[in-house]
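Some notes on the structure that comes next.
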There are 4 protein chains.
Amino acid sequence: MIAGFEFPILLAEIARPHLGVLEQPFAGIGKNDGAGFDHVTAGREVERELGSPDVVIYNASARARGAFVDLAPAEVAQAIAVSAFGGFLVAQQAVQRMLPNKHGAILFTGASASVKGYPQSSSFAMGKFALRGLAQSMARELSPQGIHIAHFVIDGGIRSAARVEPADKPDSMLDPDAIALSYWNVLQQPRSAWTWELELRPWVEKF
Amino acid sequence: MIAGFEFPILLAEIARPHLGVLEQPFAGIGKNDGAGFDHVTAGREVERELGSPDVVIYNASARARGAFVDLAPAEVAQAIAVSAFGGFLVAQQAVQRMLPNKHGAILFTGASASVKGYPQSSSFAMGKFALRGLAQSMARELSPQGIHIAHFVIDGGIRSAARVEPADKPDSMLDPDAIALSYWNVLQQPRSAWTWELELRPWVEKF
Amino acid sequence: MIAGFEFPILLAEIARPHLGVLEQPFAGIGKNDGAGFDHVTAGREVERELGSPDVVIYNASARARGAFVDLAPAEVAQAIAVSAFGGFLVAQQAVQRMLPNKHGAILFTGASASVKGYPQSSSFAMGKFALRGLAQSMARELSPQGIHIAHFVIDGGIRSAARVEPADKPDSMLDPDAIALSYWNVLQQPRSAWTWELELRPWVEKF
Amino acid sequence: MIAGFEFPILLAEIARPHLGVLEQPFAGIGKNDGAGFDHVTAGREVERELGSPDVVIYNASARARGAFVDLAPAEVAQAIAVSAFGGFLVAQQAVQRMLPNKHGAILFTGASASVKGYPQSSSFAMGKFALRGLAQSMARELSPQGIHIAHFVIDGGIRSAARVEPADKPDSMLDPDAIALSYWNVLQQPRSAWTWELELRPWVEKF
């Protein structure tokens, strides 16, 4: 067992409700009412939830389902907002707190849709491609300032209480602890050999 | 000279002000006030501007400039809205009109930022990555229904009245007519050999 | 109809037997017997076949088939030699003749295997990935010297006298003339907007 | 400290001279003299060096330097042979020994040249692109059979006794132990969440 293993999982737990909070300001942005995004409030929420965080993991995503022509534009906008813009908001608040220490890490959770635009999945592709673009741009800008940025392409179903693989297909779904182990290992990388992206998929997953 | 050469350029001209119209509803989306996006109005605008189009080119983009920590969230949201979500809105309206004929083409204009997230350029990367994800997903879904989807990675400065390359660096900026020629050629491709993506850059451009 | 349309096809016809000639010297390389590769002979062959060419298309490829563990190493070496090293030999001879004029074009024919390593296809992936690496390196080095380098990812079956798609799946195989049209169009690109890579696939091809 | 950390380094040490042995048969392949590649001998060498290995790391690479037109074809062939074909030979011998146990791992060391063809670097691009194609094809074919295949993109200079970064640019070169840590971590991944590729670069490396 590796000590601290449960750390990223814990963070994800913290982050999930927290992101619910941060999604709200997005609605406000659309108003263009001059007041703009209340980043003071948002920052206060980040601080309340995460303190002055040294590690932040952004997992949130959303999508609109169905044929391209039938998608509700408002749901597509919401999908982009949650999957990508929320990542920007959280990351910016976190980086503002990490930069004075020249230390910290921000991990983004992607999907196979981050690198491949599947049919009937345009809203998910837009959000996940955008999040990857954000992560790559941040990696180039912020790594030399001591902030480790990494993007994980999760390709496959994630095992949960509600969803388990069939007995004759062992380990055909990603074990959350196995995901967390790789997140943890990336966090432990010495800065002379940082990873900005890696893929994780079950051994039997087609790709 | 190739006949019809000026066609795509013309379309881009038409599209530009049109997109100005379509950007407005995005603001409305943020309200989440139950009224949602007025796609009836938007479709009426598309029809007024483009009729029942057989070819649509989406060029619009926007970005917020500066260090990552200093970006105004509202400007980042606007950048994503113009570069990517606007592309979705226009494309959906267009595809709804093309599908009954099982014929048509939608061309998206990307940039080097579509495939590479540069430092100090996260909002542009988010928008352009997202647009590419949209185009790729649409290509997989809609090509078999007769709609040709293509994404152009424009890498380099575009020559214009306001900006011309120095005399000792001939053709170091993209000539708009040269861009239009490749757009036109993609439109002319027989459906047995369609391109979904190609890059265009000056011969001397570093990449 | 576009004048000169048949040009690239013709060139490919010329190149095919020619490459048969150029494959032989590769055997000689392995000997490491001090005599080395007889590039004088090879260059003479290029000149005899192509004169002082302004355009060269490299189509040749080979592969070993079967499960990874069963592949005959000699066939794998041959596959790499034909698909990739032959491309280097032909391209180098051609560039040596083009550089004095600061003008010319070399087009490489890739496959879906150029960008995706399929199972039971390692030798083809090695050869085609290598050819793409060659093309990309040449594009960066030689474009600024006036030589246009392009790599075509052909994804799908190519229609021929021996192999035609079923009547209920029209245009589900690439028409050689449609391929040639895109090769031709790339050759016609003004140098302010060159393409180094594009994909070609039938409208109904899964990817 | 993580137990076993030194393991991959040790293996690389073993592999290096061993690969020298395996490079020789490649010369024989070229002869096409009917005798073919003596894989029995090669397998015997693998076994003598590695026993029945559960983990194999392939590091070997070679390149020809200089302008494209000046490259000696024999050196280019040698570069491809060492960087890519040698990887095939070693991997095939190893997989033949791993498959009966449905267990094992093969790690390939790539470079930035594995994913980007730099100017004046075509032979290195050919070899490294080919090795990546091999690794990706093997990953798709052999992962479902229990063999973990991974490809590491090492982007940056590697610190050694002979080459150390300047004091004012700390950790600007990859520490071999830091590389080994990530190799080790990939080896430890549970099969429900395997990585087939990851990049490693110093925090301050431009990319």
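A few notes on this one:
- Residue count for the stretch A:157-194 under the criterion of being in contact with a Lys or Arg (Cβ under 8 Å, 6 or more places away or on another chain) and touching a residue at least 12 places away in the same chain (Cβ under 8 Å): the result is 7.
- Restricting attention to the stretch A:166-181 and to residues that are at the interface with chain D (Cβ under 7 Å from one of its Cβ atoms) and part of a loop (DSSP other than H, G, I, E, B), the residue that is surrounded by the most Cβ atoms within 10 Å (Cβ to Cβ) turns out to be A:Met173.
- Within the stretch D:114-130, the residues that satisfy the criterion of being assigned to a helix (DSSP H, G or I) and in contact with a Ser or Thr (Cβ under 6 Å, 6 or more places away or on another chain) are D:Ser122, D:Ala125, D:Gly127, D:Lys128.
- Residue match in the stretch C:155-170 (condition: under 16 Å from the mean Cα position of the chain (by Cα) and of a type in the set (S, T, N, Q)): no
- Only residues that are at pLDDT 90 or above and either of a type in the set (Lys, Arg) or surrounded by 19 or more Cβ atoms within 10 Å (Cβ to Cβ) (or both) were counted in the stretch C:66-83, giving 2.
- Restricting attention to the stretch B:55-77, the residues that are more than 8 Å from chain A (Cβ to nearest Cβ) and part of a helix (DSSP H, G or I) add up to 2.
- Residues that are in a helix (DSSP H, G or I), under 19 Å from D:Gly157 (Cα atoms) and facing chain A (nearest Cβ under 7 Å) within the stretch D:182-207 comprise just one, D:Ser182.
- All of (1) at pLDDT 95 or above; (2) surrounded by fewer than 19 Cβ atoms within 10 Å (Cβ to Cβ); (3) over 15 Å from C:Pro190 (Cβ atoms); (4) among the charged types (D, E, K, R) hold for B:Glu197 with one exception: (2).
- Candidates are the residues of the stretch C:117-138 that are more than 7 Å from chain D (Cβ to nearest Cβ) and closer than 13 Å to D:Glu141 by Cβ; the one that is surrounded by the fewest Cβ atoms within 10 Å (Cβ to Cβ) is C:Phe124.
- On inspection, A:Glu141 does not qualify as within 14 Å of the chain's Cα centre (by Cα), facing another protein chain (nearest Cβ under 7 Å), within 25 Å of D:Pro170 (Cα to Cα) and at pLDDT 95 or above.
- In the stretch B:83-95, the residues that are more than 8 Å from chain A (Cβ to nearest Cβ) and touching a residue at least 60 places away in the same chain (Cβ under 8 Å) form Cβ pairs under 8 Å with partners that are hydrophobic (A, V, I, L, M, F, W, C) and not in a helix (DSSP H, G or I), at six or more places apart or across chains, as follows: B:Gly86/B:Ala60; B:Val90/B:Val56.
Matching residues to (1) among the aliphatic types (A, V, I, L, M); (2) out of contact with any strand residue (DSSP E or B) (no Cβ under 6 Å at 6 or more places or on another chain):
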{"site": "B:Ser112", "(1), (2)": "no, yes"}
{"site": "B:Phe124", "(1), (2)": "no, yes"}
{"site": "B:Gly133", "(1), (2)": "no, yes"}
{"site": "B:Arg140", "(1), (2)": "no, yes"}
{"site": "B:Gln145", "(1), (2)": "no, yes"}
{"site": "B:His151", "(1), (2)": "no, no"}
{"site": "B:Leu174", "(1), (2)": "yes, no"}
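- Some residue of the stretch A:143-165 being assigned to a helix (DSSP H, G or I), of a type outside the set (Ser, Thr, Tyr) and under 18 Å from D:Pro202 (Cβ atoms): yes
- Within the stretch D:116-170, the set of residues being over 22 Å from A:Ser192 (Cβ atoms) and among the aliphatic types (A, V, I, L, M) comprises D:Ala125, D:Met126, D:Ala130, D:Leu131, D:Leu134, D:Ala135, D:Met138, D:Ala139, D:Leu142, D:Ile147, D:Ile149.
- Just one of the listed residues (C:Val69, C:Val95) is β-branched (Val, Ile, Thr) and more than 19 Å from D:Leu142 (Cβ to Cβ), namely C:Val95.
- Top-ranked residue of the stretch B:96-113 - restricted to ones that are aliphatic (A, V, I, L, M) and not in a helix (DSSP H, G or I), ranked as farthest from D:Phe207 (Cα to Cα): B:Ala105
- Of the criteria (1) surrounded by fewer than 21 Cβ atoms within 10 Å (Cβ to Cβ); (2) modelled with pLDDT under 95, which one B:Ala94 fails: (1)
- Looking only at the stretch D:144-154, and only at residues there that are surrounded by fewer than 22 Cβ atoms within 10 Å (Cβ to Cβ) and either in contact with a Phe, Trp or Tyr (Cβ under 8 Å, 6 or more places away or on another chain) or more than 18 Å from D:Asn59 (Cβ to Cβ) (or both), the one that is nearest to the other protein chains (Cβ to nearest Cβ): D:Pro144
The values are calculated or read from the model by the stated rules, or taken from the named source; none is laboratory data. Every value quoted in this text rests on a predicted model; they were computed, and no experiment measured them. Heads up, the Cβs are rebuilt from the backbone with ideal geometry, glycines too, and the neighbour counts pull from every protein chain shown.
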